[in-house]
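**Student:** Below is the structure I would like to discuss, written out as structure tokens.
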Amino acid sequence: MITLGIETSCDETALALLETRGSGVAFECRVIASLVHSQAELHSAYGGVYPSLAKREHGKNLVPLLHKLLIEASDTLDKAESVSPKEKIGIQAFEQAMETFRTEIAPQNPELYESFSNAGFLKNVPRIDRIAVTEGPGLEPALWVGINFARMLSTLWNVPIVPVDHMEGHIVGSLLPSDATNGAWQKLFDASMPMLAFLISGGHTQLVKIAGLGEHEIIGETQDDAVGEAFDKAARLLGLPYPGGPHLSLLAEKARNEGIAAPVALPRPMLRSGDLNFSFSGLKTAVLYAVRKAPKDADGALDPLWKNGLAREFEDAVTETLDKKLRMALDDTGAQSLIVGGGVSANRMLREAFTKTAAEYGIPVFLPSRHISGDNALMIAVAGALGSKEKAPMDLRANGTKRLD
Ligand code: KG4
Ligand code: ZN
């Protein structure tokens with residue numbers, strides 16, 4: 001089975017093609033192609049993701065990205081004989097579909113409709129068996145573009161759509177071996193139940209207990225900012241470009257290597273709350289106050305040593321907080337494996353801390369490899385290939401606040 005994954009929940013436009021065979025323990029997959037077009041640079045001018053810009057960019061990017069994907073995959077995709085959508089679904093259905101796209105999709109996503117209508121390569125139906133698309137959580141206007149794209153392709157190719165939860169994508173993404181993109185057949189890592197998933201991204205900070213297939217329980221989460229958001233806001237206060245998480249982390253590492261101490265002590269929020277919840281807005285405010293009082297040069301630029309020291313203290317505060325709650329969650333759940341997912345799992349210090357903690361608990365930890373830690377469509381394709389809940393194209397809805405439980 002060949003699955004096309006579509007991801008547009010935030011500021012990455014991503015598509016992937018995945019071939020799978022078998023089910024249950026015999027499930028295997030092979031990455032045919034995976035492309036991510038990041039809009040980060042465009043959004044950096046606004047200091048964060050600007051939803052209507054993200055929506056427009058997804059609309060412009062999806063069709064050209066699909067073209068590129070199909071070219072990359074052309075050796076694998078069967079070219080036996082090319083059939084047009086008109087031949088595939090019949091003239092009447094084709095004309096009806098075009099009318100639906102024009103009246104229901106074009107007004108919502110004019111850029112997408114326009115490029116779709118002009119795409120010559122869409123005159124051939126590729127050998128794709130399933131479409132997996134992110135339905136949420138995320139920015140609703142952005143999610144809708146991916147969904148509308150999936151609807152059009154599904155109708156013209158006559159293939160089913162499986163909606164995928166973005167966070168479920170991050171979970172299964174971490175179970176892909178690191179060399180998954182080498183084109184060989186791969187098994188997913190076998191994580192024992194119950195599993196604990198620690199989801200840390202720009203929009204989420206969640207501890208999820210997974211007792212069995214599809215049995216998710218959110219046992220702890222942030223009450224305000226997500227951890228990635230906190231990284232990005234702190235980085236912005238330090239004058240670093242968006243998304244600031246990786247930049248801040250580099251400064252922190254520099255400070256650690258050079259023995260630069262923390263210039264101020266930042267709080268470790270919620271450590272004594274007695275539950276598994278998080279709060280990062282106070283930490284951000286503490287950074288704001290520290291920056292106000294910090295030594296600056298005549299132009300108002302922060303003293304570089306001070307800045308690096310603060311980045312170090314910020315990363316220490318986040319790491320201590322996340323690691324403490326992780327240990328509490330492992331105690332509470334008796335988890336037999338740990339899965340870490342979401343963009344922030346690229347952070348080196350956190351990876352080291354979680355690896356050490358899992359080793360102390362004697363359980364395996366599954367961390368996403370670099371190419372899959374940020375948003376991508378490969379993880380969506382894997383989740384969609386494993387899933388079975390098909391939805392009729394026009395019944396699909398974006399759900400910006402979708403929850404795993
Ligand atoms: O999962 P993701 O790509 O998008 C969302 O679904 O939110 O996560 C993006 C977040 C951003 O906040 C980014 O700053 C953060 O992940 N991030 C990092 C690092 N790399 C990415 N935060 C800290 N350290 C990093 N190395
Ligand atoms: Zn994400």
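**Student:** At 222 nm, what value in deg cm²/dmol follows for the chain if DSSP H runs of at least 4 each add -39500 (n - 2.57) and the sum is divided by all its residues, to the nearest 500? Spell out each step's value before the answer.
**Tutor:** On the way: 14 runs with 170 residues, N = 405.
That calculation yields -13000 deg cm²/dmol at 222 nm.
**Student:** A further question follows. Based on the Cα atoms of the chain, what semi-axes does the equivalent ellipsoid have, where each is the square root of 5 times one gyration tensor eigenvalue, given in whole Å with the largest first?
**Tutor:** 40, 25, 18
**Student:** So how much slack lies between Leu288 and Gln96, counting 0.36 nm per residue of separation and subtracting their Cα-Cα distance, in nm?
**Tutor:** 63.5 nm is the gain from fully extending Leu288 to Gln96.
**Student:** What percent antiparallel are the DSSP beta bridges of the stretch 195-363, to the nearest 5? All intermediate terms of the calculation are to be shown ahead of the outcome.
**Tutor:** Numbers: 13 of 19 bridges.
Antiparallel bridges make up about 70 percent of those DSSP assigns within the stretch 195-363.
**Student:** Give, to the nearest whole percent, the P(r) tail of the stretch 1-140 beyond 27 angstrom, counting all Cα pairs.
**Tutor:** Percentage above 27 Å: 28.
**Student:** With +1 on each Lys and Arg Cβ and -1 on each Asp and Glu Cβ, and nothing else charged, work out how big the dipole of the chain is about its Cα centre, in Debye to the nearest 20.
**Tutor:** 320
**Student:** With the chain treated as a Gaussian network of Cα nodes joined by springs under 10 Å, which of Leu62, Leu310, Leu42 yields the largest mean-square fluctuation?
**Tutor:** Leu42
**Student:** Right, something else. Would you report the distance distribution of C-alpha pairs in the stretch 195-363 as whole percents per 5 angstrom bin, up to the bin with the largest distance?
**Tutor:** Pairs per bin, as whole percents: 2, 9, 18, 22, 19, 13, 9, 5, 2, 1, 0, 0.
**Student:** Report the net charge of residues surrounding Ala329, where surrounding means a beta-carbon distance below 12 angstrom and charges are Lys +1, Arg +1, Asp -1, Glu -1. Walk me through the numbers on the way to the answer.
**Tutor:** Working: positive: Lys209, Lys324, Lys325, Arg327; negative: Glu217, Glu221, Asp275, Asp323, Asp331, Asp332.
Within the 12 Å Cβ shell, the charges total -2.
**Student:** How far, in degrees from 0 to 90, does helix 227-237 lean away from the longest principal axis of the Cα atoms of the chain, to the nearest 10?
**Tutor:** 60
**Student:** Related question: Using only Cα atoms, tell me the angle between helix 91-100 and the longest principal axis of the chain; keep it within 0 to 90° and round to the nearest 10.
**Tutor:** Helix 91-100 sits at roughly 40 degrees to that axis.
**Student:** For the stretch 98-180, which whole-number percentage of the solvent-accessible area (1.4 Å probe, protein heavy atoms only) is attributable to carbon and sulfur atoms?
**Tutor:** 49
**Student:** Using a Gaussian network model of the chain with C-alpha springs under 10 Å, which one of Ile71, Ile339, Ile147 is most mobile by mean-square fluctuation?
**Tutor:** Ile71
**Student:** Considering only Gln206, Gln336, Gln92, give the residue with the highest GNM mean-square fluctuation for the chain, with springs between Cα atoms whenever their separation is below 10 Å.
**Tutor:** Of the options given, Gln92 has the highest mean-square fluctuation.
**Student:** Determine the sum of side-chain charges near His43: Lys and Arg each +1, Asp and Glu each -1, restricted to other residues whose C-beta is under 15 angstrom from that of His43.
**Tutor:** -2
**Student:** Which residues in the stretch 13-54 have a backbone N closer than 12 Å to a point placed 7 Å from the Cα of Asp75 along the Cα-to-Cβ line?
**Tutor:** Of the residues in the stretch 13-54, 32-33 have backbone N under 12 Å from the label point off Asp75.
**Student:** A further question follows. Between the stretch 1-57 and the stretch 203-282, how many Å separate their Cα centres?
**Tutor:** 24
**Student:** Separate question: Report, to one decimal in Å, the Kirkwood hydrodynamic radius for the stretch 97-170 based on all distinct Cα pairs. Before the final figure, lay out each step's value.
**Tutor:** On the way: mean 1/r = 0.0766 Å⁻¹.
About 13.1 Å for the stretch 97-170.
**Student:** Using a 10 Å Cβ count of at most 16 others and DSSP loop calls, identify the longest part of the chain lacking such chymotrypsin sites (Phe, Trp or Tyr not before Pro).
**Tutor:** Answer - 190-405.
**Student:** Continuing with the same structure: Take the alpha-carbon centre of the stretch 342-364, take the same for the stretch 314-331, and report the distance between them in whole Å.
**Tutor:** Computed from Cα coordinates, the inter-centre distance equals 10 Å.
**Student:** What net charge is computed for the residues neighbouring Val162, neighbours being all others with C-beta under 9 Å from the C-beta of Val162, Lys and Arg scored +1, Asp and Glu -1?
**Tutor:** Local net charge: +2.
The values are calculated or read from the model by the stated rules, or taken from the named source; none is laboratory data. Just so you know, these numbers come straight off a predicted model, no measurement behind them. Note: ideal-geometry Cβ built from the backbone for every residue, glycine included; neighbour counts use all protein chains shown. Side chains are part of the model used for accessible areas, which takes the heavy atoms of the whole protein and leaves out ligands, DNA and RNA. Shrake-Rupley method; radii C 1.70, N 1.55, O 1.52, S 1.80 Å.
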